[in-house]
Structure formats: structure tokens, C-alpha cells
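*Asks:* Here it is, the structure in full.
The values are calculated or read from the model by the stated rules, or taken from the named source; none is laboratory data. These figures come from a predicted structure and were not determined experimentally. A quick note on method: Cβ atoms are made from the backbone with ideal geometry, for glycine too, and the neighbour counts reach across all protein chains shown. Side chains are part of the model used for accessible areas, which takes the heavy atoms of the whole protein and leaves out ligands, DNA and RNA. Shrake-Rupley method; radii C 1.70, N 1.55, O 1.52, S 1.80 Å.
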Amino acid sequence: MDILHKLFPKKDNKEVAEEAIEKENRKRTLTGFWRKFAFVLGAGLTILVFYTAFNGVFLPMIQIGIVMCTLLALAFLWIPGSKRSHMDKPDLIDIVLVVLCVVCLVWTLYSNERFIHRIPYVSKVYLMDKIVGTALLLMVLEAARRTVGGAICVIAGVIIAYGFFGPYMPAMLMHKGLSFSKFIETTYCTTEGLFGSLTSLCSAQLFAFVAFGSFLSATGADKLFMDLALAIAGKSAGGPAKVSVLSSGAMAMVSGSSVANVVTTGTLTIPMMKKTGFRAEVAGAVEAVASSGGQITPPVMGTVAFLIADNIGTTYFNVVKDSFLPAFMFYFTVWFFVDCMAKKLGMTGLPAEQLPPKGKSFMTALPLIIPILVLVYMLYAGFTAFLSGAICTILIVVVTMLRKETRLDFKRFMLALEATSVSMVSILPVVACASIIVAVLNKTGFMIKSTSIIMFLSGGHLMVLILILLLMSYIIGCGLPSATCYIILATLCAPALVNFGIELMEAHLLIFWFSQVAGLTPPVCITAFVAAGIAGADPMKTGFQSLKMGSSFYFVPMFFLFSPLISGTWFQRITVFIVGLAAVYMFVAMIEGYLHCARTSVLVRVGCLVSTFFLFWACIDAEVATVEPIRTAIGVGIAAVLLLIQTKKAKVKAEVA
């Protein structure tokens, strides 16, 4: 036991939270030659990618090879390999890895013509192909370990081992096994693995959207959005928490990382919430949930939206369009929780003198809202996501010239170019690992077998399958970023959902939403732990508060499957959305014990539960095209009676006072 304690020392929740924040902030501060070298690599890569946005992308292996090898080199320069590594310059091993990236890139570019004309799995695999392919694979795993942790490397290692040892697996998992040559051919010499569609997205469309976010951040958009949120919601009950919901959601939508957003905006919003009376764990939970919702919020939804569009063969705009109403429902749920908590505790908003003027805040933020609106229009008009993102990034630079405060000088402009590539450092290695996993599973036939296995475990019952998917998403999501979690779950579970008659968009959005739950669900809830560290709160209490306020991650996806919220006409969608909001409001009132303007009695809480049940049931009904009228009438009627009771109760209390 003593040996086990030494190998796996027990850590309290505070230590876990502190480690999570340290890991998110762990990046070198390069100086001297290496700072200049990293700058040239980062800014130069962004310029090259933008060149291809307007002049056409290179051949897949050239485009992906340049982006992948450059980003791997940047990963080894910026991210230390261990706690003992230098923090102002790369270690010797890092320099060796950077040189190896150059060698791999040169060989890939030199061999591109041969790769195009060779016959897959028939033509000879050269020794140098095996050496470079192996080196590139190991460097991808190492870069992923440095950026997101070792869990993804372990999973990728297990899958690779499964590819080699297929003949020795149990009967259900058995396959003939991959030779080393076939493995290299799958992962390196063809467009199935490292040069597949997932990494292709990273080298083009996703790169442009990350640039969009980087340039927004460089202009000080976070402060402008914060001021606008303060002007809109700061004066209402629980104002700082509502400001957190608005500003954190807006910035997480752009950054694509819930943890990174908590670290940046949370340092501003969490102290404000605590100052106005929110408990530390509640303040941390509000920030964690609001930041987590950014990835599901259009029009910039982070990495996974591009992956969904690629997986189901649709446009990015269709994913964005179908995500609007669910995202609004998510944020309304968080808003209702904050509003009920604040009013129940008798909180007021911030004093008017501490708030920026609404008109001035809106006019200041308007130039930065214009590129977002143009982005939506371009996607709607049929422009490619790559070109749309690139044009709107340039538009940000143009519109910021209108105000001195947001204007980008040459230095800030070049640093924003570099920041784009540095941001991609944490994305591409993870997606490349996922590409390897998918390629091996596909080559071994496991993707087909997984559907049969999951169908067998579910016993032919859709709800059992959903519970299995939810459990898998939590287990996998505990150690992996949401993008990787989505890729693995989509590979394994999406075909099973389709077998139940679920449409592709509905199935993949369900998986996408479920891939977010691990960051907010105890006992391993890294996003909540980071927020708890900033708030000085107990991480587990913050986690359970996050689970409560982020409960819509669990129930909103049910609307995808059993209602026309994302698949019906716009009349049907809006009808379900409105009735769904009513159900959510009554649900929150029941949980918090506060409705409208007064605390609830036990009887009123039971009434809220009954109303929630009927309103939710009216929406979740596969037999009707929109909400069921009788159940809707019952739910609304009960809610109306309860609101009258609460209004009268508040009036009597006011008269007595």
C-alpha cells in the first residue's frame, strides 16, 4: 500500500484545481533567437494558409504536410516536455524534434508525386517511408501529450496495438491484423490517416476560423463584449452572473476552449459575482457552464462543428443553422438558474454609476459585431467556410481601423498572425491522433463490429443506447478534449443511432452535446475545477453546482431526437422552442424553490414538477409533427395558476412588510 501511495499520491480537490490551471497556462516564454524563430514560423504559416484561402489549396499531402510539420515544430518550441524543461528556450531534445519535423516535411514534399501515382496496398513502401511515417506518428503523439495530456496517447496506443494484435483478440474483436508496412501505408502513405479529411480541415477551414478568433481577441473584443454585457444585464438581479453568462458565452464561442475561456474571462467575472453575494462555488459554476456553452453556440462553434459537417457530408452553415435554437435554450436555462438564485437571495444588480452607458457600449462593440454578421451571411450565401473565415478575419482588421482603441498597429497585427498558429498547436495534434485512431479502426473492420456490439448491449432499445452513449461520453471525455471525444464516439456510436432511424444531423449533434458533459460532471470535471481554483471554492461543490446549472447538456439533446427542434419547419421549430423554454423555466423553479417573485412552498414545487412533465412531454412526442396541444394546455394552465399563487403571495408579503 505504501508503494501505491508513492506511485499514485492522493491529491485533494484544491490541488487538482491548481494543477488544472497550471496545465492550461503552461507555456514557455521564449527569448532571443528562439523567440524570433518561433515568430517567423507562426506568422509565416498563417500567411501561407491565408494565401491558399484566396488562391486555392495545395494538394492534400502538401497542404497538410506543411501545416502539420510546422505546428508540431511550434509545439516543441512553445510547450515544455516536462516540469524540468527550460522555460525560456527549447531543450536539446526539442531542437532535435524540430529538425526531425523539417526532415519529415522535406521527405513528404519530395515523395508527394510518388504517393499520388502509387497503387495503395500494392505498390512498395520504401524504408524511408517507414522511418518518416513512424517518426511523424511519434511526434504527433508527443505533441498531443504536451498539449492535452497523456490520456489520448494511451488510447491511441491501445488502438494501434489492437491493429497489430488482431489475430489474438477474442472472437468478437478478432481480425487478421495489420503488418507494419500496411500500418504505415494506412497512416502515412495514403489520405486515410495523418493526411485524411480531419487534418485537412485543420489545415484550411479551421485555421481560418481560429484566425478569426485570434484577431477578435487582439482587438480587445473580450473587454468590449464584457462592457456590452455589463450595460445590458449589469443592473438586473444577480447582474454580474448574467454578465458572465453573456460575455463568457460570447468569448468561448470564439476561443473554442471552455477551460481557456474560464482562465481568461473568469478572472474578471468570478470576483464580481462573489462581491455581489454569490457563494464562491456558485460563481465558479456559472463561469464554467457559460464557458462550456461556447462550443455549441453559432456562428463560430469551434473544432467540432467542422468535423460534424465533414462526417455527414453537409455544409458548415447547415450545422450552424440547426444549432441556433438548442444553443439559445442552453443559455436561457443558465440565465433562469442565475435569475432564480439572485432573486431568492434578495440580490440587486450593480449600481448604475458602475455600468457603462448602453448606447456607447453598443456603438463601440458594433464594428466587431459586423464581421460576425457578415460571416453568417457568407455561409448562408454558399461561400466556403475557408474563404468566409479568411475574408471576415481581414474584415476585422479593416473595421477596427474605425476606432483608435481597437486599431491594430503593425506589431499587434503580426502577433495576431502568430497567435493563430500557436492556438492551432493545441488542436492539430489532437485531431491527428484521432485520425490515426479512426484509420486503424476502419482498416481493422472494428467500426462495423462496434455497431453490432452496441446494438447488442442496448437490447434494441433506443433509450438504453442513449444511456450507453452518455456513459461512454463521460468516461472518454474525462481524459480527452471534446473534439477527440466526439470523433471517437461518432465513429463507434453514430452508425448504431442511424440504425434506430435517427437522422445523421440529429445523431451527430446528440454526440456533440454529450461530448461536453465530462467537463462539468463530477468527480472529474476539469472545467469546473479550473473555475473553482479561480473562485477559491471547493472543486467538488463547484462541480455539483455546474452539473445542476449545466443540466441542459443532458436534456436538450432529447429534443433533437424526439421533436422537430432541428429537423422541422421553422414554425415547428419555434413552437417547440417556446414550449421547451416554458418547460425549462418551470424545471428551474422546481429545482431552486423560487418562482416568479417569491419562494415556493412544497405544494408549488410539486406543481412546477407536474407542469414541467406535461410541457416536456408535449415536445418529446415522435407521433406528432409539433407540440401536442392537450399536454401543452395542461402544462401552461398549471404554470399560470402557480404564477398567480406566487404573485398573490408576494403581494401579501409586501403589504405585511
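*Asks:* Condition test on GLY580, is it modelled with pLDDT under 95 and at positive phi? Walk me through how you get there before you give the answer.
*Replies:* On the way: modelled with pLDDT under 95: yes; at positive phi: no.
Against the criterion (modelled with pLDDT under 95 and at positive phi), GLY580 does not qualify.
*Asks:* Any chance segment 308-318 includes a residue that's assigned to a helix (DSSP H, G or I), aromatic (Phe, Trp, Tyr) and either modelled with pLDDT under 80 or open to solvent by 10 Å² or more (accessible area, probe 1.4 Å) (or both)?
*Replies:* Among the residues of segment 308-318, at least one is assigned to a helix (DSSP H, G or I), aromatic (Phe, Trp, Tyr) and either modelled with pLDDT under 80 or open to solvent by 10 Å² or more (accessible area, probe 1.4 Å) (or both), which makes the answer yes.
*Asks:* Looking at ILE454, ILE466 in this structure, which one is aliphatic (A, V, I, L, M), modelled with pLDDT under 90 and closer than 22 Å to GLU503 by Cα?
*Replies:* Numbers: ILE466 fails: modelled with pLDDT under 90.
So the residue among ILE454, ILE466 that is aliphatic (A, V, I, L, M), modelled with pLDDT under 90 and closer than 22 Å to GLU503 by Cα is ILE454.
*Asks:* Another one. Which of (1) surrounded by fewer than 24 Cβ atoms within 10 Å (Cβ to Cβ); (2) more than 14 Å from the chain's Cα centre (by Cα); (3) modelled with pLDDT under 85 is the odd one out, the single condition ALA233 does not satisfy?
*Replies:* Of everything listed in (1) surrounded by fewer than 24 Cβ atoms within 10 Å (Cβ to Cβ); (2) more than 14 Å from the chain's Cα centre (by Cα); (3) modelled with pLDDT under 85, ALA233 misses just condition (1).
*Asks:* On to the next question. For segment 117-126, does any single residue satisfy the condition of being assigned to a loop (DSSP other than H, G, I, E, B), of a type in the set (Gly, Ala, Ser) and over 13 Å from GLY65 (Cβ atoms)? Walk me through how you get there before you give the answer.
*Replies:* Step one: list which residues in segment 117-126 are assigned to a loop (DSSP other than H, G, I, E, B), which gives 118-126.
Imposing the further condition that a residue be of a type in the set (Gly, Ala, Ser) reduces the set to 123.
Narrowing further to those that are over 13 Å from GLY65 (Cβ atoms): 123.
Within segment 117-126 (the criterion being assigned to a loop (DSSP other than H, G, I, E, B), of a type in the set (Gly, Ala, Ser) and over 13 Å from GLY65 (Cβ atoms)), the answer is yes, since at least one residue qualifies.
*Asks:* On to the next question. State yes or no: is PHE562 in contact (Cβ under 8 Å) with a residue 24 or more places away in the chain, over 23 Å from SER473 (Cα atoms) and surrounded by fewer than 23 Cβ atoms within 10 Å (Cβ to Cβ)?
*Replies:* Considered against the rule, which asks whether it is in contact (Cβ under 8 Å) with a residue 24 or more places away in the chain, over 23 Å from SER473 (Cα atoms) and surrounded by fewer than 23 Cβ atoms within 10 Å (Cβ to Cβ), PHE562 comes out as no.
*Asks:* Somewhere in segment 390-402, is a residue under 29 Å from GLY239 (Cα atoms) and open to solvent by 70 Å² or more (accessible area, probe 1.4 Å)?
*Replies:* No, segment 390-402 contains no residue that is under 29 Å from GLY239 (Cα atoms) and open to solvent by 70 Å² or more (accessible area, probe 1.4 Å).
*Asks:* ILE93 passes all but one of (1) assigned to a helix (DSSP H, G or I); (2) open to solvent by less than 50 Å² (accessible area, probe 1.4 Å); (3) without any contact (Cβ under 8 Å) to a residue 40 or more places away in the chain; which number fails?
*Replies:* Failing condition for ILE93: (2).
*Asks:* Pairs, please: C-beta under 7 Å, at least 6 apart or cross-chain, first residue within 17 Å of PHE324 (Cβ to Cβ) and in segment 359-382, second in a helix (DSSP H, G or I) and not hydrophobic (A, V, I, L, M, F, W, C)?
*Replies:* As it stands, the answer is LEU375/SER388; MET378/SER388; LEU379/TYR316; LEU379/SER388, since those pairs meet every condition given.
*Asks:* Among the residues of segment 348-371 satisfying the criterion of being modelled with pLDDT of 80 or more and not in a helix (DSSP H, G or I), which is least open to solvent (accessible area, probe 1.4 Å)?
*Replies:* This residue is PRO356.
*Asks:* Restricting attention to segment 324-334, which residues are surrounded by 21 or more Cβ atoms within 10 Å (Cβ to Cβ) and under 19 Å from TYR594 (Cα atoms)?
*Replies:* THR333, VAL334
*Asks:* For segment 478-520, enumerate the residues that are buried (at least 23 other Cβ atoms within 10 Å of the Cβ) and hydroxyl-bearing (Ser, Thr, Tyr).
*Replies:* Of everything in segment 478-520, those that are buried (at least 23 other Cβ atoms within 10 Å of the Cβ) and hydroxyl-bearing (Ser, Thr, Tyr) turn out to be SER482, THR484, TYR486, SER515.
*Asks:* Sticking with this one: Pick from segment 600-650 the residues that are touching a residue at least 24 places away in the same chain (Cβ under 8 Å) and in a loop (DSSP other than H, G, I, E, B): which of them is farthest from PHE562 (Cα to Cα)? Please lay out each step first, then the result.
*Replies:* Here is the first cut: in segment 600-650, the ones touching a residue at least 24 places away in the same chain (Cβ under 8 Å) are 600, 604, 607-608, 610-612, 614-616, 618-622, 625-627, 632, 635-636, 638-639, 641-643, 645-647, 649-650.
This time we only want the ones that are in a loop (DSSP other than H, G, I, E, B), so: 600, 620-622, 625-627.
Values: THR600: 31, ILE620: 5, ASP621: 6, ALA622: 5, ALA625: 10, THR626: 10, VAL627: 11 Å.
The selected residue is THR600.
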